[in-house]
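Single-structure report; data block below.
FYI, it's all coordinate maths here, none of it is from the lab. Source: prediction; values computed, not measured. Cβ atoms come from the backbone with ideal geometry, glycine included; neighbour counts cover every protein chain shown.
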């Protein structure tokens, strides 16, 4: 008998691969992928085989890159633009399982192919997206500023904060495209521990995200083409924590959005460990905990080993003990009462990583607040509503229009 409490898997028995497939398909609405390309690639993947996952998505990316280059040579700007975006997203898809493959060192070269295709896509938009560098400590944060067609200024602008491991290209269908359709400008960027900042510059995550967002706001205000009274901040996945933390200190932002609301990032990390192992962490027994984890990894299923290796990297540590203790700093309970701007909190049914936390966030907020449930019967369940981005955008942007019109 089917377990009615468990979200349905559609394409693969491997749970993470199935979820990733649903996320990829969610990009169809905004042209980030094409359904036939996705399904034909999935058909070729051996269920649960990470090397197969990487190889097939990479092959699809190369095929679409070839199409894009042919169209560019023929001066067919629309076709080239569309194919470059899809190529970028397929290269990015190949990376999500690469730690479990025979050769994880392919990550950075593949990531570079993804960003090169995304650059080509951005250059062919109307108007072209502007590649920017946001001053940040010793290493500027790379990003892109998108403006709606025919826009003047100053513009209502949304800062879209990526999650812990989302590729740059995913932000197109995770807010940017919908913002442009509604007349908003959109800024995306790689913060510490994300994309270029991690893979090219070795800059890890940090919990005090106001130290990241304040330079972003400073950058926008200094440009002059963004309306300083109409800046919103949206965070997806782990960005649902970073947004809360930043807004507790950065009060120039007019509206905040968390998809989903994340009060405590460490819950997703610690839920994988039995209480007796977490007690070792609580008691400060670093060497004992790390030794147990190192030995245990040798006997773990490849999926578990791959997940652990993937999740540790952005924290900048190879110690399992430090990973957990560092993740415990990523909680907003101590500062959430300082948020002043109106907040939109997404609460998807069947949230896998932070179940119950959107409601906890909503109840703890003392500012004007709205929580929106995304239900299974709408096809809008699971983390970040992967199959229902248009529904999410309709509800979120309708709310935003009442707070900060374009």
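For residue 251 and residue 138, the FRET efficiency from 1/(1 + (r/R0)^6), where r spans their Cβ atoms and R0 equals 35 Å, is about 0.85. If the chain linking residue 352 and residue 102 were pulled fully straight, counting 0.36 nm for each residue of separation and taking away their Cα-Cα distance, it would gain 87.2 nm.
Computed over the range 15-120, the Cα gyration tensor eigenvalues convert (square root of 5λ each) into semi-axes of 23, 15, 11 Å, ordered from largest to smallest. Just to check, using Stokes-Einstein with a Kirkwood Rh over alpha carbon pairs, what's the diffusion coefficient of the range 229-314 at 4 °C and 1.567 mPa s in µm²/s? This corresponds to a translational diffusion coefficient of 84 µm²/s. Determine the percent antiparallel among the DSSP beta bridges restricted to the chain, to the nearest 5. Among the beta bridges of the chain, antiparallel pairing accounts for roughly 30 percent. Measuring nothing but alpha carbons in the range 109-260 and taking Rh as the Kirkwood radius, the Rg to Rh ratio lands at 0.93.
Both radii come from the Cα set of the range 178-321: Rg as radius of gyration, Rh as Kirkwood radius; their ratio Rg/Rh reads 1.06.
Over all alpha-carbon pairs in the range 268-327, figure out the percentage whose distance exceeds 18 Å. The calculated P(r) of the range 268-327 puts 28 percent of pairs beyond 18 Å. Exposure proxy shown here: for 174, 79, the number of other Cβ atoms within 10 Å sets the order, fewest to most, as 79, 174. For the range 168-230, the orientation-averaged shadow of the C-alpha convex hull comes to 5.1 nm² (one quarter of the hull surface). Rounded to the nearest 0.05, what FRET efficiency do residue 15 and residue 364 have when you use their Cβ-Cβ distance and R0 = 35 Å? Here the calculated transfer efficiency is 0.70.
Scattering from the chain was approximated by placing one identical point on each alpha carbon and applying the Debye formula without solvent; log10 I(q)/I(0) at 0.07, 0.11, 0.15 1/Å stands at -0.31, -0.81, -1.58.
Note on the range 325-371: Kirkwood hydrodynamic radius from all Cα pairs is 11.7 Å, rounded to one decimal. Computed from label points 7 Å out along Cα-Cβ, the spacing between residue 149 and residue 282 is 5.9 nm. Projected label points at residue 333 and residue 116, each 7 Å from Cα along the beta carbon direction, are separated by 4.8 nanometres. The convex hull built on the alpha-carbon positions of the range 81-189 has an orientation-averaged projected area of 7.5 nm².
Measuring nothing but alpha carbons in the range 302-347 and taking Rh as the Kirkwood radius, the Rg to Rh ratio lands at 1.15.
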